[in-house]
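Chemist: Sharing a structure below in structure tokens format, with a few things to ask.
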Amino acid sequence: MCGIVGFTGRRQAAPVLLSGLKRLEYRGYDSAGMAVRNGDAPAEVVKSTGKLIKLEEKTDHGQTLAGSCGIGHTRWATHGEPTVVNAHPHVSGNCQGSGSGPVESDVVGVHNGIIENYVELKEKLLRHGYEFYSSTDTEVVIKLIDYYYKKYKIGPVDALTRTMVRVRGSYALEVMFKDYPQEIYVARKDSPMIIGISEGESYIASDVPALLNYCRSVYYIDNLELARVLPGEVHFFDLNGDEIPKEPTEITFSVEAAEKGGYEHFMMKEIHEQPRVIADTLHSAVQDGRIDLGISEETLKNISQIYIVACGSAYHVGVISQYVLEELTNLPVRTELASEFRYRKMNLDPDALVVVISQSGETADSLAALRQAKTKGLKTLAIVNVVGSSIAREADYVFYTKAGPEIAVATTKAYSAQLVAMYLFALKIGEVRETIEDIAKYLQELESLPGKVERLLDDKERLQWFASKLSNTNSIFYIGRGLDYAICLEGSLKLKEISYIHSEAYAAGELKHGTISLVEKGTMVISSLTQPDLYEKTVSNMVEVKSRGAALVAIASYGYYSIEDCADFVVYIPKTLPVFAASLAVIPMQLLAYYAAVARGEDVDKPRNLAKSVTVE
Ligand code: AGP
């Protein structure tokens, strides 16, 4: 996700901003920029794509930007490609062709978050004569602030509160007004922001690491609050514009701990980001009960078949999606490993749609499969997390998941975001092909998923206890039927790739055709039981392995308490529609894998032999 920094005080701002942005690099980004003011002079804006070093070179490490008040930003693209024009800061004027230089604008700002209703706001501003130079939601919100600032002429706090009431979404906003030199105004909803104060100087940042070189006394601005930041002092306001008192907090932990948000590993931090990621991905495509994936209803009506192609965990999302699409639509679906798809002599249906799922958007096998499909004239849809990545750029259609940058090699939050994207894809097809009656029921259940994931995360200590036992085993089976089998694929991979414990996901009904010979006293078998119509069948498979000495773990929905007669350890998941069960059942599987790896002292975020994105065959 994006990173924001700000400074106002006695020393030169640019070097402070660059140092803060470097501390936020771990958050992932694809472009950067800053705006600095020297007394009453207009702000000077400098922006660049790529790594921060390019911004440092452009400004000779901040030396070419005079001034002691400024804001900075590293952008993780969510709306609009990673280009100089789309990079922040954004301005209320229309002079961003070069992306750098002095701006005569009244308002200059940066933003971390997603403005969900930016399209309607842009239309409103266009009607009032505003022009736009970028394709970002941020430019819209900066110009909306300018609109209210000029219309009501009351001042920055009033302009910000009116904007906060009008926008929907998440934001950590930092804004400078031409008429208020040496001052920075901030506003927050859902995206992180903190404000640090030291002798005669004030600092703003998305996260603690960016401030720790300068101060340890910080204020946490709460949701729907705003602040006026001056050198060495800050004033907080509520949505009514009334000033509110706030006490500072002393930061006691290290920079390294701060980058992980206080978690020991990025993977655990990202596991805990899943509720927000599910909500962000859902809300990015659903407005007022309507799903919009950027594909016309005509196209969805005319496709004859769906091929889903991906690798690793993204492939597991594809296998789950096959079950979900078969349940909700009348379309034939086939999910293939990208590394297989690209070499098979498949008789592809020319009216089919090929869906490529990829977090990085750079996986070589998936990119090759996409190109293969295109050479055969098939339409392609990319479900990707990285804006502007190769797969995103080459597909005919692209839907961006809103997981933000995923640092841990083992995917968790991106997997969950991909699941939501594919649920919405299936629901949209079911709606246009009239195989679903009550779409609102499904959307309502999707809205409840973040809270249900939170409840599972609250139970993690019990899983930590069990994982310490599980970590001593050297082979584990994951079994399930139907969608539960697909869930087991991901549970097994998570365990293998970070704890190095061998495991295998098996269709529960297939065990008796050979593999059950491996089951002996003490063999651990984890079963997923989220599909009501297959529950009894899976239980009978569990009884089969138990009679051969297996130690049984069950992941079952609340209410299926009879499972305790058979399983030695049970994890219950909140009730949900069976088609969405993977989003919940995967949480305890991620946690079991994580705690087993920690118990074995492995490098959880950077497992041996693995890369975050496999860009080679
Ligand atoms: C999942 O934990 C692994 N890191 C790996 O299987 C990954 O899902 C696979 O390499 C696909 O990557 P992509 O989503 O970036 O294409």
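Chemist: Can you give the calculated 222 nm mean residue ellipticity of the chain, where each DSSP H run of n ≥ 4 adds -39,500 (n - 2.57) and the sum is split over every residue, rounded to the nearest 500 deg cm²/dmol?
Modeler: On the way: 19 runs with 220 residues, N = 617.
Helix contribution divided over all residues of the chain: -11000 deg cm²/dmol.
Chemist: Test of understanding: what is the full-extension gain from residue 561 to residue 119, defined as 0.36 nm times their sequence separation minus their Cα-Cα distance? Present the calculation step by step, with values, prior to reporting the outcome.
Modeler: Numbers: separation 442, 0.36 × 442 = 159.12 nm, distance 4.81 nm.
Gain in length upon complete extension: 154.3 nm.
Chemist: Mind checking the angle between helix 364-375 and the chain's longest principal axis? C-alpha axes, 0 to 90 degrees, to the nearest 10.
Modeler: 90
Chemist: Please list, by residue number, every one of the chymotrypsin sites (Phe, Trp or Tyr not before Pro) in the stretch 265-374 that is coil in DSSP and has at most 14 other beta-carbon atoms within 10 Å. Display every interim value, and only then the final one.
Modeler: Working: sites: 266, 307, 315, 323, 341, 343; in loops: 343.
The qualifying sites are 343.
Chemist: The stretch 216-350: Rg/Rh from Cα coordinates, Kirkwood Rh? Write down the numbers at each step before the final one.
Modeler: Details: Rg = 24.2 Å, Rh = 20.5 Å.
We get a ratio of 1.18 for the stretch 216-350.
Chemist: Taking the 0 to 90 degree range and rounding to the nearest ten, how far is the long axis of helix 312-328 tilted relative to the main principal axis of the chain, both from C-alpha atoms?
Modeler: Roughly 70 degrees between the two axes.
Chemist: Could you give the length gained by full extension between residue 344 and residue 126, i.e. 0.36 nm per residue of separation minus their alpha carbon distance, to one decimal place? Walk me through the intermediate numbers first.
Modeler: Working: separation 218, 0.36 × 218 = 78.48 nm, distance 5.07 nm.
Value of the extension gain: 73.4 nm.
Chemist: While we're looking at this one, here's another question. Between residue 233 and residue 290, what is the FRET efficiency for a Förster distance of 51 Å, r being their Cβ-Cβ separation, to the nearest 0.05?
Modeler: 0.65
Chemist: Using a simple spin-label model with points 7 Å from Cα along the Cα→Cβ vector, what separation in nm is obtained for residue 575 and residue 351?
Modeler: About 4.1 nm, to one decimal.
Chemist: Continuing with this model, one more query. Using unit Cβ charges (K, R positive; D, E negative) and no other charged atoms, how large, in debye to the nearest 20, is the dipole of the stretch 478-602 about its Cα centre?
Modeler: Values: 10 positive and 13 negative charges, 17 e Å.
Computed about the Cα centre, the dipole is about 80 debye.
Chemist: Once neighbouring chains are kept in place and the probe is 1.4 Å, which whole percent of the accessible area of the chain is contributed by carbon and sulfur?
Modeler: Working: 11060 of 22710 Å².
Solvent-exposed carbon and sulfur of the chain make up 49 percent of the total.
Chemist: Taking the alpha carbon gyration tensor of the chain, what are the square roots of 5 times its eigenvalues, largest first, to the nearest whole Å? Don't skip to the answer; put the middle values down first.
Modeler: On the way: eigenvalues 413, 151, 93 Å².
Semi-axes (√(5λ), whole Å): 45, 27, 22.
Chemist: Give me the distance between the Cα centres of the stretch 365-400 and the stretch 118-143, rounded to whole Å.
Modeler: First find each Cα centre; the distance between them is then 29 Å.
Chemist: Please report, in debye to the nearest 20, how large the charge dipole of the stretch 44-113 is about its Cα centre when each Lys and Arg carries +1 at its beta carbon and each Asp and Glu carries -1 there. Numbers along the way, then the final one.
Modeler: On the way: 5 positive and 7 negative charges, 48 e Å.
The calculated dipole for the stretch 44-113 is roughly 240 debye.
Chemist: Would you tell me the accessible area of residue 460, worked out with a 1.4 angstrom probe on the heavy atoms of the protein chains, in Å² to the nearest 10?
Modeler: Accessible surface of residue 460 is approximately 40 Å².
Chemist: Find the percent of Cα-Cα distances in the stretch 340-394 that exceed 19 Å, and round it to a whole number. List each step's numbers first, then the result.
Modeler: Numbers: 319 of 1485 pairs.
Within the stretch 340-394, distances greater than 19 Å cover 21 percent of Cα pairs.
Chemist: Now, a different point. For the stretch 453-490 and the stretch 29-74, what is the separation of their C-alpha centers, rounded to whole Å?
Modeler: Computed from Cα coordinates, the inter-centre distance equals 47 Å.
Chemist: Please enumerate, by chain and number, the lysines with C-alpha under 16 Å from the C-alpha of residue 47, excluding those fewer than 8 residues away in the same chain.
Modeler: 22, 58
Chemist: How would the stretch 1-139 be classified by its alpha-carbon gyration tensor: rounded, prolate or oblate, with rounded meaning a/c under 1.5 and the a/b versus b/c comparison settling the rest?
Modeler: Details: a/c = 1.92, a/b = 1.34, b/c = 1.44.
Judged from the Cα gyration tensor, the stretch 1-139 comes out oblate (a/c at least 1.5, b/c at or above a/b).
Chemist: For a bin width of 5 Å, list the pair-distance distribution of the stretch 310-360 built from all Cα-Cα distances, rounded to whole %.
Modeler: P(r) over the stretch 310-360, rounded to whole percents: 5, 19, 28, 26, 17, 5, 0.
Chemist: Let me ask something else about it. So what's the stretch 417-573 giving for Cα Rg divided by 2.2 N^0.38 Å, two decimals?
Modeler: Values: Rg = 17.1 Å, N = 157, 2.2 N^0.38 = 15.0 Å.
Relative to the rule-of-thumb radius for its length, the stretch 417-573 sits at 1.13.
Chemist: Quick one: accessible surface of residue 452, probe radius 1.4 Å, all protein chains present, in square angstrom to the nearest 10.
Modeler: Per-residue accessible area (residue 452): approximately 30 Å².
Chemist: Rounded to the nearest 0.05, what FRET efficiency is calculated for residue 469 and residue 371 with R0 set to 45 Å and r the Cβ-Cβ distance?
Modeler: Numbers: r = 47 Å, r/R0 = 1.04.
Step by step, r from the Cβ atoms, then E = 0.45.
Chemist: Dipole magnitude of the stretch 414-544 about its Cα centre, charges +1 at Lys/Arg Cβ and -1 at Asp/Glu Cβ only, in debye to the nearest 20? Can you show the working numbers first?
Modeler: Values: 14 positive and 19 negative charges, 88 e Å.
Dipole size: approximately 420 debye.
Chemist: What ranking of 284, 202 comes out by heavy-atom accessible area, probe 1.4 Å, highest first? Mind dumping the intermediate values first?
Modeler: Numbers: 284 40, 202 0 Å².
Of 284, 202, the descending order of accessible area is 284, 202.
Chemist: Here is a follow-up. Once you put a point 7 Å from the Cα of residue 104 and another 7 Å from the Cα of residue 447, both along the Cβ direction, what distance in nm separates them?
Modeler: Each label point lies 7 Å from its Cα, and together they span 4.7 nm.
Chemist: For the stretch 458-506, rounded, prolate or oblate, judged on the Cα gyration tensor with a ≥ b ≥ c (square roots of eigenvalues), a/c < 1.5 rounded, else prolate if a/b > b/c? Mind showing how you got there, number by number?
Modeler: Working: a/c = 2.15, a/b = 1.32, b/c = 1.62.
Oblate, since a/c reaches 1.5 and b/c is not below a/b.
Chemist: Could you list the trypsin sites (Lys or Arg not before Pro) in the stretch 153-216 that lie in coil according to DSSP, counting only those with at most 11 other Cβ atoms within 10 Å of their Cβ?
Modeler: Here the trypsin sites (Lys or Arg not before Pro) that fit, given the DSSP loop and packing criteria, are 153.
Chemist: Tell me the per residue accessible area of the chain using a 1.4 Å probe; a whole number in Å² is fine.
Modeler: For the chain, the solvent-accessible area averages 37 Å² per residue.
Chemist: Next question. Counting other C-beta atoms within 10 Å, and keeping those with at most 16, which DSSP coil GluC sites (Glu not before Pro) do you find in the stretch 123-171?
Modeler: Details: sites: 123, 131, 139; in loops: 131.
Sparse-neighbourhood loop GluC sites (Glu not before Pro): 131.
Chemist: At 0.36 nm per residue, and after removing the present C-alpha to C-alpha distance, how many nm does the segment from residue 521 to residue 154 gain when stretched out fully?
Modeler: Details: separation 367, 0.36 × 367 = 132.12 nm, distance 7.62 nm.
Full extension of this stretch gives 124.5 nm more.
Chemist: Related question: Would you please give the FRET efficiency between residue 510 and residue 190, computed as 1/(1 + (r/R0)^6) with r the Cβ-Cβ distance and R0 = 60 Å, to the nearest 0.05? Don't skip to the answer; put the middle values down first.
Modeler: Values: r = 45 Å, r/R0 = 0.74.
Working from the Cβ atoms, E equals 0.85.
The values are calculated or read from the model by the stated rules, or taken from the named source; none is laboratory data. Computed from a predicted structure; not experimentally measured. Here Cβ is always computed from backbone atoms with ideal geometry, including for glycine, and neighbour counts include all displayed protein chains. Surface areas here come from the heavy atoms of the whole protein model, side chains and all, with no ligands, DNA or RNA. Shrake-Rupley method; radii C 1.70, N 1.55, O 1.52, S 1.80 Å.
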